[in-house]
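Written out below as structure tokens is the structure these notes cover.
The values are calculated or read from the model by the stated rules, or taken from the named source; none is laboratory data. The structure displayed is predicted, hence computed values, not measured ones. Backbone-built Cβ (ideal geometry, glycine too); neighbour counts: all protein chains shown. These area figures cover heavy atoms from the full protein model, side chains too; ligands, DNA and RNA do not enter into them. Shrake-Rupley method; radii C 1.70, N 1.55, O 1.52, S 1.80 Å.
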Amino acid sequence: LLFKVLDASTLSFGTRVRWFAICFVAGILCSFLGTALLWLPKGIKLFAVFYTLGNIAALASTCFLMGPVKQLKAMFDPKRLIATIVMLVNILF
């Protein structure tokens, strides 16, 4: 049951593409907003928050196309494992 809920194929193709676009655009906007806020006083903290949110939204957008289980399998493939670990560590810290 859990895999059925997490599988992207339970959503229609149109719904998956729509949510992909929404998350991807939100991710880009957050990243640009974080970069723009970098020049304000205390802008480093705002940059960190918005840039992290942008990366998470962009990463979530591909979950709608591939499905979370398939994406996690692809991310933790031995060829991509180091890149995935570096990305997740940088998002967390």
Check your understanding: What does the highest-first list of 32-39, 57-64 look like by mean Cβ count within 10 Å?
Key -> 57-64, 32-39
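Among the trypsin sites (Lys or Arg not before Pro) in the chain, which ones are in a DSSP loop with at most 12 other Cβ atoms within 10 Å of the Cβ? Mind listing them?
Numbers: sites: K4, R16, R18, K42, K45, K70, K73, K79, R80; in loops: K42, K79, R80.
In loop regions of the chain (DSSP not H, G, I, E or B), the sparsely surrounded trypsin sites (Lys or Arg not before Pro) are K42, K79, R80.
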Check your understanding: Modelled label-to-label distance, I91 and L72, 7 Å Cα→beta-carbon offset: nm?
Key -> 1.2
Revision key, fill the gap. For the A83, K45 Cβ pair and Förster radius 22 Å, calculated FRET efficiency rounded to 0.05 is 0.25
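Taking all protein chains in place and a 1.4 Å probe, what share, in percent, of the accessible surface of the stretch 1-66 do carbon and sulfur account for? All intermediate terms of the calculation are to be shown ahead of the outcome.
Working: 3750 of 4680 Å².
Roughly 80 percent, rounded to a whole number.
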Revision key, fill the gap. Of the candidate values (1) 28, 18, 9; (2) 17, 16, 12; (3) 31, 19, 12, the one computed for semi-axes √(5λ) of the Cα gyration tensor in Å from this structure is (1)
Check your understanding: Most mobile of A83, A74, A26 per a Gaussian network model of the chain (Cα springs, under 10 Å)?
Key -> A83
Study note, to complete from the structure: Once both label points are put 7 Å beyond Cα along the C-beta direction, the F32-R18 separation in nm becomes 2.4
